[in-house]
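Novice: Encoded as structure tokens, here's the structure I'll be asking about.
Every number here is computed from the coordinates shown, using simple stated rules; none is lab data. If you're wondering where the values come from, they're calculated on a predicted model, not measured in any experiment. Glycine gets a Cβ as well: all are built from the backbone with ideal geometry, and neighbour counts include every protein chain shown.
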Amino acid sequence: MPLSDSEQRCVEYTLNTSPASRQHSYSLPTGMVHYFEVRPPHQSLRIDSDAIVETYQRDPLTGLQFEDDDSYFYESNTTRERYCEYLLPTPLVQLHPETDRIANVARRQDGTSTASFLVTLTRALHRVLEYRPGVTSVDSTILHVLEHGSGVCQDFAHLMLAICRRQHIPARYVSGYLYNGARQGAVSTPAEIRSAQRAREQAAPDDGFSESIAQSFVGTDAMHAWVECLMPDGSWRGFDPTNNLVTNHKYIKVHFGRDYADVAPLRGVYRGPIAHTMEVSVVVTQI
């Protein structure tokens, strides 16, 4: 079930299974989980999850600061203790020193703030990694992704998490959906983003200014994954290295956690033949 927070609200949610089942749910700090059992013998299981989510339109560049050095915030013991779970390694996000090479390249680019580093890192990962399904699996390691230089959105997110945590920036994995509309907030360079911010501030409120580029997203035919990083003002801001974007109202969050294992969309056990297949279809429409 999509979560409700300051950026979106889940208005309606339904879950149906065939064969039919009785569903239960429980709440976690990261979102709502539904569970069910189907005990009678069956040849197939169909799960239909439908939600209406209201997202709050905002300029994805608003609030990002590129000028000042804010490293003091991330060096603070208070920050490290409060957000330790998003700084520590996990089985899927191991903090290998090999990731420092990418971080050093991003650090040398324009700007000294964390926001500058993050948008440059988002852009760098988008350029150096190739989106290629089939070369990784749900349990692929960071070293595997670095070795092959390709993967899917999960791999892009895990690598960015590893780099951020090595740089003492609390970062969390976000799983959700993406509406395939016009791109907004595309990441180029911090200098170009600052220029866009100034243009936005000088523009009339109703002129519809954006950095929109007509181009299809990656990750709209299944659940998508991106990264949220803690900013010095205490807010979490989303970065999508797969699509080279700062997240906006076209992103629909379902759950967040330390890595993919915390937010797998479907988890369960069944008794039957080892051989099985699974098909997934995602449709996101604007209403």
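Novice: Can you pull a Stokes-Einstein diffusion coefficient for segment 1-134 at 4 °C (1.567 mPa s), Rh from Kirkwood over Cα pairs, as a whole number of µm²/s?
Specialist: 66
Novice: Along the charge dipole of segment 8-54, pointing to its positive end and built from +1/-1 on Cβ of Lys, Arg, Asp and Glu, which listed residue (Ser21, Pro40, Ile52) has its Cα farthest out?
Specialist: Pro40
Novice: Fewest to most neighbouring Cβ within 10 Å: what's the order for Cys164, Cys229, Cys10?
Specialist: Values: Cys164 28, Cys229 25, Cys10 19.
Ordered from fewest to most neighbouring Cβ atoms within 10 Å, Cys164, Cys229, Cys10 come out as Cys10, Cys229, Cys164.
Novice: Quick one: compute a quarter of the convex hull surface over the Cα atoms of segment 80-172 and quote it in nm².
Specialist: Result: 5.7 nm².
Novice: Shifting gears a bit: Among Val246, Asn77, Ala264, whose Cα projects farthest towards the positive end of the dipole of the chain, with charges put on the beta-carbon of Lys, Arg (+1) and Asp, Glu (-1)?
Specialist: After comparing all options, I get Ala264.
Novice: In addition: Place a +1 charge on the Cβ of each Lys and Arg in the chain and a -1 charge on the Cβ of each Asp and Glu, then give the dipole magnitude about the Cα centre in debye, rounded to the nearest 20.
Specialist: The calculation lands at about 580 debye.
Novice: Give, rounded to the nearest 20 debye, the magnitude of the charge dipole that segment 8-54 has about its Cα centre when Lys and Arg contribute +1 at Cβ and Asp and Glu contribute -1 at Cβ.
Specialist: Dipole size: approximately 200 debye.
Novice: Semi-axes, largest first, in whole Å: what does sqrt of 5 times each Cα gyration tensor eigenvalue give for segment 8-54? Each step should come with its number before you reach the end.
Specialist: Details: eigenvalues 117, 35, 10 Å².
Whole-Å semi-axes of the equivalent ellipsoid: 24, 13, 7.
Novice: State the percent of C-alpha pairs, over all pairs in the chain, separated by a distance greater than 27 angstrom. Could you put the intermediate results ahead of the total?
Specialist: Values: 17465 of 41041 pairs.
Taking all Cα-Cα pairs of the chain, the fraction more than 27 Å apart is 43 percent.
Novice: Okay, next question. Distance in nm between label sites at Phe73 and Ala51, each 7 Å beyond Cα in the beta-carbon direction?
Specialist: 2.7
Novice: Going 7 Å from the Cα of Arg58 toward and past its Cβ, which residues in segment 249-285 have a backbone nitrogen under 15 Å from where you end up?
Specialist: Once the point is set 7 Å along Cα→Cβ of Arg58, 249-253 turn out to lie under 15 Å by backbone N, inside segment 249-285.
Novice: A further question on this structure: Equivalent-ellipsoid semi-axes (√(5λ), Cα gyration tensor) for segment 21-95, whole Å, largest first?
Specialist: Its equivalent ellipsoid spans semi-axes of 41, 21, 12 Å.
Novice: Exposed loop trypsin sites (Lys or Arg not before Pro) only (DSSP loop, at most 10 other Cβ atoms within 10 Å): please give the longest stretch of the chain free of them, not including the sites.
Specialist: Details: sites that count: Arg22, Arg108, Arg267, Arg271.
Result, exposed sites excluded: 109-266.
Novice: If I fit a long axis through the Cα atoms of helix 114-128 and take the longest principal axis of the Cα atoms of the chain, what angle between them do I get, 0 to 90°, rounded to 10?
Specialist: 60
Novice: What longest range of the chain stays clear of loop-exposed GluC sites (Glu not before Pro) (DSSP non-H/G/I/E/B, at most 15 other C-beta within 10 angstrom)?
Specialist: Segment 68-278 is the longest.
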